[in-house]
1. Given (1) at pLDDT 90 or above; (2) open to solvent by less than 70 Å² (accessible area, probe 1.4 Å), identify the lone condition not met by T94.
2. Take T117 and tell me if it is assigned to a helix (DSSP H, G or I) and without any contact (Cβ under 8 Å) to a residue 24 or more places away in the chain.
3. Having 3 or more residues that are open to solvent by 50 Å² or more (accessible area, probe 1.4 Å) is the bar; report the helices (runs of 4 or more DSSP H) wholly within the range 144-236 that clear it.
4. List the pairs whose first member sits in the range 212-231 and is at negative phi, whose second member is open to solvent by less than 100 Å² (accessible area, probe 1.4 Å), and whose Cβ atoms are under 7 Å apart, counting only residues at least 6 apart or on separate chains?
5. Considering only residues of the range 97-114 that are part of a helix (DSSP H, G or I) and in contact with a Lys or Arg (Cβ under 9 Å, 6 or more places away or on another chain), which is surrounded by the most Cβ atoms within 10 Å (Cβ to Cβ)?
6. Could you pull out the residue among T77, T61, T71 that is at pLDDT below 55, open to solvent by less than 80 Å² (accessible area, probe 1.4 Å) and among the hydroxyl-bearing types (S, T, Y)?
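The values are calculated or read from the model by the stated rules, or taken from the named source; none is laboratory data. Only a predicted model underlies this, so the values are computations on that prediction, with no experimental measurement involved. We place every Cβ from the backbone using ideal geometry, glycine too, and count neighbours over all the protein chains shown. SASA here: full protein model, heavy atoms, side chains in, ligands and nucleic acids out. Shrake-Rupley method; radii C 1.70, N 1.55, O 1.52, S 1.80 Å.
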Amino acid sequence: MSYLDNQISAFKSNLTSSANKLSVKRTVAAPANSTPSPAPSQASVTLKNDLKRKRAEVANTVFSQPKDTGTGSHIITQVTYALEKLKEKDVPWTWQRLGEYLSLHGREKGYGQALKTILMKHDKVNYEKIDGKEKDLFSFRPIHNIRSVDGLLGYLQSQPTAQALSVKDLKDGWHGALDAIDGLEKQGKLSVTRHKKDNSARFVWPNDPSLFFPIDQEFQAMWQKIKLPEPGALADELEREGLTPANKSRSVKSKPVKQEKKTKRARKGGKTTNTHMAGVLRDYSHLKK
């Protein structure tokens, strides 16, 4: 019998004895003609305890929590670990070395082969089999295969358009990209746009330092002495000349429409129907004002 069963049995016996003692006390204190209250039976006590125990088990069960399947035991989790390691080292790894890192020794049969097949077909992994040797090499495949200064300059010069290269994509396979970009920018070989928040590089373009020409200090001083007009002075000058500045929309004022007064037309005479009285009736239309 387990420890829990012993505790349940002891609880039941204590409950029964307490109930019997309580019934005896009530019987002594009651009048002679009163009937003593019956003691609870063993079956009823057992049934109540079973119901309480079932309710406690249901209340303690947490259905929203998943079962613990082990850290890193899922094959997709192992694929993620392998990709992170290959990206961190930036050098090809053999399958034997990769298996030791993932602790594949002692796994069930077919687990390692399934994991190897997934990595071989993964779009972020370069797989290479060495002929004549029982070695398979795995390496990380970045968005751009650029890992050096010469590779970056050669890639930018080979582009048919002047489209910018994202530094975020460049860092995907080159850990020292930021330092290299800063150095090339100082040499005038790259044009770089940066984030305003932390001044980190955002996009890069190729730049030709041979197109830079020195400017005499005298000309620079003359240029700096030119006083620019105030921001609103140019707009005011244009408006005085009857011109509309480009930053203001030209509003056309519509002329008020004059409403013509309607003249009352004279009523024309209707058709004469009483022709039989033509000799009696007279025409007074000439007297009408």
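1. Unmet for T94, out of (1) at pLDDT 90 or above; (2) open to solvent by less than 70 Å² (accessible area, probe 1.4 Å): (1).
2. yes
3. Qualifying helices (runs of 4 or more DSSP H): 149-157, 177-186, 217-225.
4. F212/G188
5. Across the range 97-114, the extreme among qualifying residues is L98.
6. The unique qualifying residue is T61.
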